[in-house]
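Structure record follows, encoded as structure tokens.
The values are calculated or read from the model by the stated rules, or taken from the named source; none is laboratory data. None of these values were measured; they are calculated from a predicted model. FYI the Cβ positions are ideal-geometry reconstructions off the backbone, even for glycines, and counts take in every protein chain you see.
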Amino acid sequence: MTAVVLTGAGVSAESGVPTFRGNDGLWSQFSPEELASVDAFLANPDLVLRWYAWRRELIAKVLPNPAHHALVALENFFSRFTLVTQNVDGLHQAAGSKNVLELHGNIFRNKCHRCGEQCSTQTDDTIHFCRCGGAIRPDVVWFGEMLPEKTFEIAVRHTRKADIFLVIGTSGLVYPAASLPSLARESGALLVEINPEKTDISRSADYYLQGKAGELLPTLVRCLQQGVFTEFTSKT
Ligand code: NAD
């Protein structure tokens, strides 16, 4: 059996990383257009870099939560397992997940805005320049930008082949990542969603499990360990 998991900011919420769209989300204090877009960066690089330095500092202090750990355990129940994440915090890898596809980059990396070359982490919040003269910026995907082409291609390929597609902690509003659950469904996968709030994905999900990822995922793993749901996980 082949499983693909798509995660969003909700998976890291219980680690203390604010989501974008919840009531206590980052966007309730800041406007995304002011901070996470190319235009914002070009207009006010210092503000954008200060905000990223603040977020990086916040994320550097948090630890993976039971949802991240349960996803590591889940890998063992499937012959092929791919974790596709919209998160930029690296917490899946910190927990020990393998085969992680980062659709929106990683906040701890930087790259040149002009030539795209990756460079070592910038530790302060003032602007630096690449050898080519381009400004150094966080290696994350901003509003209006394309996803890393190869990474998204691989995610689509795995999604088409999935027997089970789990979508966890995402509002499903950011495209093209949000197109993956419906692609999985059209390709014949069983679609399971975990989220405390219903989303546009909930209607088409075979199972909508209402609740927090840090509570439901460990329960799911315990059920699998006890031999429940083996029809979904046989390693054939
Ligand atoms: P979002 O803020 O739009 O949605 C978060 C979703 O998580 C909501 O549907 C909410 O109901 C759900 N949620 C909240 N607490 C949860 C919990 N404990 N368990 C399960 N679900 C929970 O986030 P999104 O859909 O990931 O939006 C995508 C964009 O947000 C991406 O661009 C991503 O890069 C960015 N982002 C990443 C991080 C991070 O790396 N941790 C944080 C904020 C935003």
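Do we have residue 19 as of a type in the set (S, T, N, Q), modelled with pLDDT under 90 and under 19 Å from the mean Cα position of the chain (by Cα) here? The answer is yes for residue 19.
Considering (1) away from the ligand (no atom under 13 Å from the Cβ); (2) at pLDDT 95 or above; (3) not basic (Lys, Arg), the lone condition that residue 226 does not fulfil carries the number (2).
Looking across the range 185-199, the residues that are farther than 19 Å from residue 92 by Cα and either in a loop (DSSP other than H, G, I, E, B) or within 16 Å of the ligand (Cβ to nearest atom) (or both) come down to 187, 188, 189, 191, 192, 196, 197, 198, 199. Would you be able to say whether some residue in the range 118-133 is more than 17 Å from residue 49 (Cα to Cα) and among the aliphatic types (A, V, I, L, M)? No - not one qualifying residue is present in the range 118-133. Where residues in the range 64-107 are within 15 Å of residue 221 (Cα to Cα) and in contact with a Gly (Cβ under 6 Å, 6 or more places away or on another chain), which of them is nearest to the ligand (Cβ to nearest atom)? Top of the filtered list is 67.
When you check residue 120 against the structure, is it surrounded by fewer than 20 Cβ atoms within 10 Å (Cβ to Cβ), more than 12 Å from the ligand (Cβ to nearest atom) and touching a residue at least 24 places away in the same chain (Cβ under 8 Å), yes or no? Spelling it out, it is not the case that residue 120 is surrounded by fewer than 20 Cβ atoms within 10 Å (Cβ to Cβ), more than 12 Å from the ligand (Cβ to nearest atom) and touching a residue at least 24 places away in the same chain (Cβ under 8 Å).
Is it true that some residue in the range 142-162 is among the hydrophobic types (A, V, I, L, M, F, W, C) and either at positive phi or free of Cβ contacts under 8 Å to residues at least 40 places away in the same chain (or both)? Scanning the range 142-162, I find at least one residue that is among the hydrophobic types (A, V, I, L, M, F, W, C) and either at positive phi or free of Cβ contacts under 8 Å to residues at least 40 places away in the same chain (or both), so the answer is yes.
Whether a residue is free of Cβ contacts under 8 Å to residues at least 60 places away in the same chain and either more than 14 Å from the ligand (Cβ to nearest atom) or under 15 Å from the mean Cα position of the chain (by Cα) (or both) was assessed, and residue 137 does not pass this test. Among the residues of the range 156-174, which ones are crowded, with 22+ Cβ neighbours inside 10 Å and small (Gly, Ala, Ser)? 162, 169, listed by residue number. All of 187, 171, 179 fail the test of being more than 15 Å from the chain's Cα centre (by Cα) and either at pLDDT below 95 or farther than 23 Å from residue 40 by Cβ (or both), apart from 187. Among the residues making up the range 156-168, a single one is more than 13 Å from the ligand (Cβ to nearest atom) and either within 19 Å of residue 197 (Cα to Cα) or under 13 Å from the mean Cα position of the chain (by Cα) (or both): 165.
Write out, first by first residue and then by second, each pair whose Cβ atoms fall under 7 Å of each other, whose residues are 6+ apart or on separate chains, and whose first residue, in the range 207-219, is in contact (Cβ under 8 Å) with a residue 24 or more places away in the chain while the second is more than 8 Å from the ligand (Cβ to nearest atom) and part of a loop (DSSP other than H, G, I, E, B). So the pair list comes out as 214/65.
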